[in-house]
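So the structure is just underneath, and the comments pick up after that.
The values are calculated or read from the model by the stated rules, or taken from the named source; none is laboratory data. Everything numeric in this text was worked out from a predicted model, so none of it was measured. Here Cβ is always computed from backbone atoms with ideal geometry, including for glycine, and neighbour counts include all displayed protein chains. Remember, those area values only see protein heavy atoms, side chains included, never the ligands or the DNA or RNA. Shrake-Rupley method; radii C 1.70, N 1.55, O 1.52, S 1.80 Å.
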Amino acid sequence: KILLENLKTLASIGVYEHEKKNKQEIIINLEIILTKKEKPILDKFKNVTDYGQFRKIILQVIEIKHYDLLETLCNEIAKKILKIDEVKKVKIKITKPKAFKDCDVSVQFSNL
């Protein structure tokens with residue numbers, strides 16, 4: 001299992017006009033279940049799945065375009081990550097911490 005927690009970045013996301021004009025902060029949490037059992041045999045990087053690739057995919061998908069919906073962004077990221085051979089299952093949660101003054105809003109996708 002690999003976890004990426006509390007990745008904070010700016011995204012062009014939202015259906016309202018002010019959201020389309022200005023990027024806003026989102027927080028991404030990702031849980032990945034791998035297909036193979038990995039052991040860091042002899043402490044070698046080649047023996048494990050590079051978790052940096054998942055962060056890179058997330059940031060690339062966010063930069064591609066404006067997304068109206070968190071649901072769409074969530075599904076796009078999940079689709080890209082699920083294309084990696086070692087990935088069996090994925091759970092992704094995207095939060096807009098400033099959507100409202102009194103609460104955060106999140107969307108979650110999971111095939112766990």
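Assorted remarks:
- Answer residue from region 75-109, given it is touching a Lys or Arg at 6+ places or on another chain (Cβ under 8 Å) and open to solvent by 60 Å² or more (accessible area, probe 1.4 Å) and is nearest to Lys1 (Cα to Cα) among those: Gln108
- Considered as a group, the residues in region 22-74 that are under 23 Å from Gln108 (Cα atoms) and of a type in the set (Phe, Trp, Tyr) include one that is surrounded by the fewest Cβ atoms within 10 Å (Cβ to Cβ), and that residue is Tyr51.
- Close contacts from region 90-112, counting a first residue that is closer than 16 Å to Asn75 by Cα and a second that is assigned to a loop (DSSP other than H, G, I, E, B) and open to solvent by 40 Å² or more (accessible area, probe 1.4 Å), with Cβ to Cβ under 6 Å and a gap of 6+ residues or different chains, come to Lys91/Leu112; Thr95/Asp104.
- Taking region 58-79 as the range and being over 16 Å from Ile33 (Cβ atoms), without any contact (Cβ under 8 Å) to a residue 40 or more places away in the chain and either within 10 Å of the chain's Cα centre (by Cα) or in a loop (DSSP other than H, G, I, E, B) (or both) as the test, the residues that pass are Val61, Cys74, Asn75, Glu76.
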